[in-house]
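The values are calculated or read from the model by the stated rules, or taken from the named source; none is laboratory data. The shown structure was predicted, so the numbers you read here are calculated from the model rather than taken from an experiment. Neighbour counts run over all protein chains shown; Cβ positions are idealised from the backbone, glycine included.
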Amino acid sequence: MTSTREIIHSDAAPSAIGPYSQAVKVGDTVYISGQIPLDPATGELVEGDFKAQVEQVFDNLMVVAKAAGAGPQHAVRVGLYLTDMAQFGVVNEVMAARFDAPYPSRAAIGVAALPKNAAVEADAILVVD
């Protein structure tokens with residue numbers, strides 16, 4: 001059985017800052033590339049506190065998900081990358097507001113640095129059934 005790859009793109013999300021696609025859909029699975037808190041209009045990091053950055057990251061993920069015909073209810077896994085694990089509670093707060101139970105699986109990984117000196121990045125896998 002051969003699966004067709006479909007490249008997903010949304011002009012409402014930040015453009016890729018490297019040689020990758022915003023998302024790739026294979027069959028009913030959507031793989032969304034890591035999103036940092038870039039303002040799609042300016043391509044710059046959003047201003048504000050850490051929570052504002054996390055909100056922008058999830059806004060960016062959901063815009064790409066929408067372009068794939070999906071939403072937060074289709075998320076099966078979220079990967080989080082934080083430069084300060086002490087901010088983990090803020091991420092939990094934002095995720096609890098953005099996703100309904102049953103929640104997607106998740107990994108939270110502390111990292112030394114992220115592109116453009118962002119404090120947070122997230123990627124996601126969705127299944128559109």
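Computed quantities for the displayed model
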quantity: Members of region 54-97 that are part of a loop (DSSP other than H, G, I, E, B) and more than 14 Å from E121 (Cβ to Cβ); calculated: A68, G69, A70, G71
quantity: Per-region count, region 101-126, residues surrounded by 14 or more Cβ atoms within 10 Å (Cβ to Cβ), under 29 Å from G27 (Cβ atoms) and of a type in the set (A, V, I, L, M, F, W, C); calculated: 5
quantity: Residue within region 121-128 that is outside any helix (DSSP H, G or I) and without any contact (Cβ under 8 Å) to a residue 12 or more places away in the chain present; calculated: no
quantity: Those residues of region 103-120 which are more than 21 Å from L38 (Cβ to Cβ), in contact with a strand residue (DSSP E or B) (Cβ under 7 Å, 6 or more places away or on another chain) and either free of Cβ contacts under 8 Å to residues at least 12 places away in the same chain or in a loop (DSSP other than H, G, I, E, B) (or both), in sequence order; calculated: P104
quantity: Residues being under 19 Å from L126 (Cα atoms) and surrounded by 12 or more Cβ atoms within 10 Å (Cβ to Cβ) - total across region 17-53; calculated: 15
quantity: Pair list, Cβ under 7 Å, 6 or more apart: region 86-98 residue within 15 Å of D59 (Cα to Cα), other residue in a helix (DSSP H, G or I) and modelled with pLDDT of 95 or more; calculated: V91/V54; V94/K51; V94/V54; V94/E55; V94/F58; R98/F58; R98/P72
quantity: Meets criteria (among the acidic types (D, E) and assigned to a loop (DSSP other than H, G, I, E, B)) for D100; calculated: yes
quantity: Checking A96 against (1) at pLDDT 95 or above; (2) exposed (fewer than 14 other Cβ atoms within 10 Å of the Cβ); (3) within 24 Å of K116 (Cα to Cα), the condition it does not meet; calculated: (3)
